[in-house]
Amino acid sequence: AYNIHVNGVLHCRVRYSQLLGLHEQLRKEYGNNVVPTFPPKKIFTLTPAEVEQRREQLEKYMQAVRQDPMLGGSETFNSFLRKAQQETQQIPTEEVHLEVYLLNGQKVKVIILTSDQTEDVLEAVALKLDLPDDLVGYFSLFLIREGKDGGCTFVRKLQEFELPYVSVTSLRNPEYRIVLRKSYWDSAYDSDVMDNRVGLNLLYAQTVSDIERNWILVNKDQHRQLKSLQEKGSKKEFIHLAQTLKYFGYIKFDPCITDFPEKGCHVIVSAGNNELNFHVKLPNDQIKEGSFKVTRMRCWRVTSSVPVANGTANGCGSGKCEVKLELAFEYLMSKDRLQWVTITSPQAIMMSICLQSMVDELMVKKSGGSIKKMLKKRHNGSIRRSDSQQAVKSPPLLDSPDTNREPVVKLGSKLTSVTLRGISTSNSANDISGNNFHGNYAFEGIGDDDL
């Protein structure tokens, strides 16, 4: 059997025969020309070397399927992962109560099935809140971890290949919870949401929460104005004032490490307004702030590595590995100078998801498309690369400088790393070493005037 890790977390365990069954189903639906080649059956018992070779072949197969916009976004593939997740966690299909939180701490209790996918749960929450159908796509469900100090860490956006109830309960930790938050970046779209009473309340709750967490920068005078508007119950005016403040609509990440401007610097990263904002603490304790615009990132990648000693992976006891995640992006520092900037953070995948969704929005806007249409398509699970032209350009795979890294693969509007590890042995140190880069279509439109 094989462990399938998605975005660095154990998603499910599957046997070769189950993966073969998936392959046959995909081949039946899409034909041999579309579906990648599947590792062949062997008549005799496999040697340890052959077992490892098969694992690598199966991993490459799953990566290839996940990368393909048609196969990776198909209901066949996603339902396979959902079913396998449920079977692995041994959670029977039954009616349950699930608590989804708003950002003001309010709970929304919904009755769902344990087998309901992310889309079903989002719709159940919207129905309970009386949020109109045409606004559901403006919001997403996120998995967060509440800190003892009242802070919160955004772990990931819940995807269509997982079952939210199973995902949160399998963590067996009350600090993890599912929250509802807006899923777009451009504050110009706030007006669409604020025209509706429920939408206005959700945005207001999010804005108040972001201010209380110090995600939005507020001076004393602005704080007085906001408090006055709050006391009057002027929610729209409160949001309009907040929109003018620094870091409105940003997601703030936990403190982490960067190699910019020099190796080993502590940094607080925030994502929003089509940029990654850095608050860097230099070795001399000086604090510097700077921003990296998404339009000047030529490409980026997320890699994970497992500490290796004597040729074997360390820290992999009981199926748990201490995986180090890194987000690296190639940035246009000046007209003719590109430089790689690396962030080492457990939230690297969430950062990459933020970057990709910013590019999606930019490309829709640039092509004269409708954000409403894009969000509706995303909500209906049918967004494709052609909708926003945000596809990865498939640049050539490069040899990784670190042979213990595994690639995180991008698909359409989501990002997923699918890796397979044999259950009987620690194979994490031997994952494929080619890196998949996220080419950035928004970068191509940059001109000298932008520099």
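In region 149-233, one over the average inverse separation of all distinct C-alpha pairs is 15.5 Å, which is the Kirkwood hydrodynamic radius. If only the Cβ of Lys and Arg carry +1 and only the Cβ of Asp and Glu carry -1, the dipole of region 43-148 around its Cα centre is close to 420 debye.
Ranking H279, H23, H240 by solvent-accessible area of protein heavy atoms (1.4 Å probe, all protein chains present), from largest to smallest, gives H240, H279, H23.
With the gyration tensor restricted to C-alpha atoms of region 24-150, the semi-axes of the equivalent ellipsoid amount to 38, 19, 15 Å, longest first. Taking region 231-269 and a reference point 7 angstrom along Cα→Cβ of K288, the backbone N atoms nearer than 20 Å belong to 255-269.
Computed over the alpha-carbon atoms, region 102-204 gives an Rg to Rh ratio of 0.95, Rh here being the Kirkwood radius from the mean inverse distance. Students often get this wrong, so check it: of K60/K83; K182/K252; K83/K109; K252/K281, which have C-alpha atoms separated by over 18 Å? Among K60/K83; K182/K252; K83/K109; K252/K281, the Cα-Cα distance tops 18 Å for K60/K83; K83/K109. Computed from the C-beta positions of D134 and E50, the FRET efficiency with R₀ = 60 Å rounds to 0.65.
The values are calculated or read from the model by the stated rules, or taken from the named source; none is laboratory data. Here the structure is a predicted model, which means the values were calculated and not measured. In this analysis, Cβ positions are derived from the backbone assuming ideal geometry, glycine residues included, and neighbour counts consider all displayed protein chains. In case anyone asks, the SASA skips ligands and DNA or RNA and just uses the protein heavy atoms, side chains included. Shrake-Rupley method; radii C 1.70, N 1.55, O 1.52, S 1.80 Å.
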